[in-house]
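K.L.:
If you scroll down you'll find the structure; I have some questions about it.
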Amino acid sequence: MCIISHYLFGEATWNAYGIFYYFAGFSGYLLLGHFMKHGTGMSTVRTLLVAAAFFAVGYAVTYTGFNAAAADPESTESDMELYFQFCSPNVVIMTIAVFMVLQKVSISSALLKKLLATMPKYGFGIYIVHYFIVGPVFLVMPYFHLPIPLQVPVMAVIIFVIAYAFTWMMFKLLGRKAKYIMG
């Protein structure tokens with residue numbers, strides 16, 4: 001009889017790193033952000049062109065790889081998820097593209113600045129809440145009749161808006177006490 005679960009240290013089909021999930025590979029994104037914080041020195045047009053090419057390549061690898069794995073009856077869950085794990089090269093390439101574009105964004109709207117300023121306060125709450133929203137939004141997506149490549153970005157926006165609104169509401173209802181629940 002086994003008293004201690006073999007999942008005790010976080011091992012799962014979706015977690016190749018076990019207990020070190022947030023320390024193995026993800027810290028590379030911090031390093032990437034550090035290197036890219038000063039910009040690439042390219043013009044806005046050239047940055048957008050390079051970023052679009054990077055994102056297109058990363059997306060194409062993700063889309064075709066997942067399609068091939070999903071179509072193969074011998075594929076496992078790990079085979080299918082390989083193409084959209086955060087530490088996969090194609091996802092890193094798409095992240096570089098997003099970082100490049102965000103470097104060129106200049107925000108002048110006071111309202112948008114105010115909304116973005118709330119992200120450090122609400123970020124962890126949004127992260128916690130989004131897990132509860134992904135499933136229901138996934139079940140609703142077929143009613144939108146969108147092509148498969150658009151479903152993930154649309155889901156991401158819907159999930160973010162709902163999670164943000166819920167977290168904002170918790171802070172409005174509970175005041176300072178919300179930080180003990182929402183982080």
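The values are calculated or read from the model by the stated rules, or taken from the named source; none is laboratory data. Quick caveat, the model's predicted, so the values are computed rather than measured. Every residue, glycine as well, gets a Cβ built from its backbone with ideal geometry; the counts of neighbours run over all protein chains shown. Surface areas here come from the heavy atoms of the whole protein model, side chains and all, with no ligands, DNA or RNA. Shrake-Rupley method; radii C 1.70, N 1.55, O 1.52, S 1.80 Å.
K.L.:
Over the heavy atoms of Y131, what accessible area does a 1.4 Å probe trace out, to the nearest 10 Å²?
P.N.:
The accessible area comes out at roughly 140 Å².
K.L.:
Can I ask one more? How large is the accessible surface of H130 in square angstrom, using a 1.4 angstrom probe and rounding to the nearest 10?
P.N.:
50
K.L.:
Starting at the first residue of the range 147-159, write each ³J(HN,Hα) from the Karplus equation 6.51 cos²θ - 1.76 cosθ + 1.60 with θ = phi - 60°, in whole Hz, x for Gly and Pro.
P.N.:
Once rounded to whole Hz, the list reads x, 3, x, 8, 5, 5, x, 5, 4, 4, 5, 4, 4.
K.L.:
Which one, I96, G123, F26, is farthest towards the positive end of the dipole of the chain when Lys and Arg carry +1 and Asp and Glu -1 on their Cβ?
P.N.:
My answer, from the dipole projection, is G123.
K.L.:
At 1.4 Å probe size, with every protein chain present, just tell me what the per residue accessible area of the chain comes to in Å². Intermediate results must be reported in sequence, preceding the final value.
P.N.:
Details: 13190 Å² over 183 residues.
Accessible surface, normalised per residue, equals 72 Å².
K.L.:
Counting only protein heavy atoms and using a 1.4 Å probe, what share of the accessible area of the chain belongs to carbon plus sulfur, as a whole percent? Could the numbers behind the result be given before it?
P.N.:
On the way: 9790 of 13190 Å².
Carbon with sulfur: 74 percent of the solvent-accessible area.
K.L.:
Further question: Mind checking which of V50, V61, V154 is farthest towards the positive end of the range 13-154's charge dipole, using Cβ charges of +1 (Lys, Arg) and -1 (Asp, Glu) about the Cα centre?
P.N.:
Going by the Cα projections, it comes out as V50.
K.L.:
If you don't mind, there's one more thing I want to ask. Leaving ligands and nucleic acids out of the surface, order M42, M141 by accessible area at 1.4 Å, largest first. Before the final figure, lay out the partial values.
P.N.:
Working: M42 40, M141 0 Å².
Ranking M42, M141 by accessible area, largest first, yields M42, M141.
K.L.:
Within the range 27-108, report the trypsin sites (Lys or Arg not before Pro) that DSSP leaves as loop and that have at most 12 other Cβ atoms within 10 Å. Display every interim value, and only then the final one.
P.N.:
Numbers: sites: K37, R46, K104; in loops: K37, K104.
Answer in residue order: K37.
K.L.:
Sticking with this structure for a sec: Provide the solvent-accessible area of I158, counting protein heavy atoms only and rolling a 1.4 Å probe, rounded to the nearest 10 Å².
P.N.:
50
K.L.:
If we sort 93-99, 167-173, 74-80 on the protection proxy, mean other Cβ atoms within 10 Å, highest first, what's the order?
P.N.:
93-99, 167-173, 74-80
K.L.:
Continuing with this model, one more query. Determine the shape class of the range 117-183: with a ≥ b ≥ c the square roots of the Cα gyration tensor eigenvalues, call it rounded for a/c under 1.5, and otherwise prolate if a/b is greater than b/c, oblate otherwise.
P.N.:
Working: a/c = 3.17, a/b = 2.57, b/c = 1.23.
Verdict is prolate for the range 117-183.
K.L.:
Here is a further query. Please give every one of the lysines within straight-line cross-link reach of K179, meaning a C-alpha to C-alpha distance under 17 Å, and leave out same-chain neighbours fewer than 8 residues apart.
P.N.:
Those lysines meeting the cut-off are K121.
K.L.:
Which net charge results for the neighbourhood of V101, defined as the other residues with beta-carbon distances under 15 angstrom from its beta-carbon, given Lys and Arg at +1 and Asp and Glu at -1?
P.N.:
The answer is +3.
K.L.:
With +1 on each Lys and Arg Cβ and -1 on each Asp and Glu Cβ, how big is the dipole of the chain about its Cα centre, in debye rounded to the nearest 20?
P.N.:
Once rounded to the nearest 20, the dipole reads 1380 debye.
K.L.:
Average projected area of the Cα convex hull of the chain, in nm²? Don't skip to the end; give the middle numbers.
P.N.:
Details: hull surface 60.4 nm².
Computing the convex hull of the Cα atoms and averaging its projections yields 15.1 nm².
K.L.:
Residue by residue through the range 66-79, what is 3J(HN,Hα) from phi via Karplus (6.51 cos²θ - 1.76 cosθ + 1.60, θ = phi - 60°)? Round to whole Hz and write x for glycine and proline.
P.N.:
So the Karplus estimates, Gly and Pro as x, are 5, 4, 5, 5, 5, 7, 8, x, 7, 5, 9, 4, 5, 4 Hz.
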